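Notes follow the structure.
Bear in mind that the values in this text are calculations on the coordinates, not laboratory data. Because the structure is a prediction, the values reported are computed rather than measured. Virtual Cβ from ideal backbone geometry, glycine too; neighbours counted across all protein chains shown.
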Amino acid sequence: MMVHFVLICEGSSDEALIPHLRSLLVECGIKEATGVAPDFDRLPERRNRDVESKVLAALELESNVDVLFIHRDADSVDPNPRYDEISAAIGRAGYTNAWIGVVPVQETEAWLLLDERAIRRVSGRPNGRVVLNLPTPNLVERLPSPKEKLLHAILLASETSGRRYKTLKRKLPALRANLLTELKLGGPLNSLSSWARLKRDVEAFVRGYPTIRL
């Protein structure tokens with residue numbers, strides 16, 4: 001079985017999720033998976049950035065799609081309203097094939113806060129000793145602002161000040177993207193409700209995929 005998927009990102013740096021989604025599909029039973037995040041700048045005119053508009057634009061750019069992944073942060077401890085929002089947008093767009101929500105509880109950064117070693121590495125102090133006070137997996141999805149916590153942890157881990165501190169602060173978006181690229185599947189990530197739901201949805205898609213293909 002081979003699957004081609006399209007990832008509709010919330011932000012451009014979230015394209016780093018593509019290899020992880022590919023690995024998840026293979027882990028769940030797909031023999032080979034390919035995926036892309038559409039480059040909406042290829043379209044002749046500017047489009048809105050709401051989910052419905054992105055779905056329509058994505059299908060215009062990538063007509064051969066087996067499943068859509070749609071990434072949206074929950075921005076809440078309850079992801080269900082975001083799933084409802086995505087479902088409604090999918091319906092308005094007239095898309096009737098398979099789709100899967102990628103909805104981190106609170107923010108995607110909650111996933112990145114689980115890897116202390118990676119945070120220390122991107123900070124430039126891989127062997128640093130300063131205490132970062134990172135949340136445990138059972139608490140991380142309750143944090144009101146994981147993004148702020150992650151950026152603070154990177155700066156704290158750098159154990160620096162002055163000019164280098166200011167330089168590092170400017171690099172924070174790139175460092176966050178680096179952490180997302182190197183996100184480790186399995187382990188603590190599996191204990192998070194948002195990742196578990198994503199995995200269940202991928203498993204359900206894979207179970208029905210041969211039927212869908214027929």
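Can you give the relative contact order of the range 29-138 as a percent, counting alpha carbon pairs under 8 Å and 6+ residues apart?
Once normalised by length, the contact order is 22 percent.
Let me check against my output: what whole-number percent is the relative contact order of the chain, with C-alpha pairs under 8 Å and at least 6 apart?
The value is 22 percent.
Given charges of +1 on the Cβ of Lys and Arg and -1 on the Cβ of Asp and Glu, with all other atoms neutral, how large is the dipole of the chain about its Cα centre, in debye to the nearest 20?
It works out to roughly 1020 debye.
Please count, across the chain, the pairs of lysine residues with Cα atoms under 24 Å apart that sit 8 or more places apart or on different chains.
Count of close lysine pairs: 14.
Please identify every one of the GluC sites (Glu not before Pro) in the range 17-116 that sits in a loop by DSSP and has no more than 13 other beta carbons within 10 Å of its own beta carbon.
Those that pass, being in a loop and sparsely packed, are E45.
Sketch the reach of a paramagnetic label on E62 as a point 7 Å from Cα along Cα-to-Cβ, and name the residues of the range 28-48 whose backbone nitrogen lies under 11 Å away.
Taking a point 7 Å out along Cα→Cβ of E62, the residues of the range 28-48 whose backbone N falls under 11 Å are 34-40.
Do me a favour and compute the ellipsoid semi-axes for the range 109-181 from its Cα gyration tensor, root of five times each eigenvalue, largest one first, whole Å.
Equivalent ellipsoid of the range 109-181: 19, 13, 11 Å, largest first.
Can you work out ³J(HN,Hα) from phi for every residue in the range 114-128, in order, using Karplus 6.51 cos²θ - 1.76 cosθ + 1.60 and θ = phi - 60°, giving whole Hz and x for Gly and Pro?
Calculated HN-Hα couplings, in order: 7, 10, 4, 4, 5, 4, 5, 5, 5, 6, x, 10, x, 10, x Hz.
Among T181, V3, V51, pick out the residue whose Cα is farthest towards the positive end of the charge dipole of the chain, where Lys and Arg carry +1 and Asp and Glu carry -1 on C-beta, about the Cα centre.
It is T181.
Return the calculated 222 nm mean residue ellipticity for the chain, to the nearest 500 deg cm²/dmol, obtained by summing -39500 (n - 2.57) across DSSP H runs with n ≥ 4 and dividing by the residue count.
Here the helix-only value at 222 nm equals -14500 deg cm²/dmol.
Please report, in debye to the nearest 20, how large the charge dipole of the range 109-181 is about its Cα centre when each Lys and Arg carries +1 at its beta carbon and each Asp and Glu carries -1 there.
Dipole size: approximately 460 debye.
Trypsin sites (Lys or Arg not before Pro), restricted to the range 124-184: which are DSSP loop and have at most 11 other Cβ atoms within 10 Å?
For trypsin sites (Lys or Arg not before Pro) across the range 124-184 that sit outside H, G, I, E and B with at most 11 neighbouring Cβ atoms in 10 Å, the list reads R129.
With r as the distance between the Cβ atoms of R200 and N178 and R0 = 30 Å, compute the FRET efficiency 1/(1 + (r/R0)^6) and round to 0.05.
0.60
Would you mind calculating the relative contact order of the range 109-181 from Cα pairs under 8 angstrom and at least 6 residues apart, reporting the percent as a whole number?
Worked out over the range 109-181, it gives 41 percent.
Sort D39, D66 by Cβ crowding within 10 Å, fewest neighbours at the top.
Placing the least packed residue first, the sequence is D39, D66.
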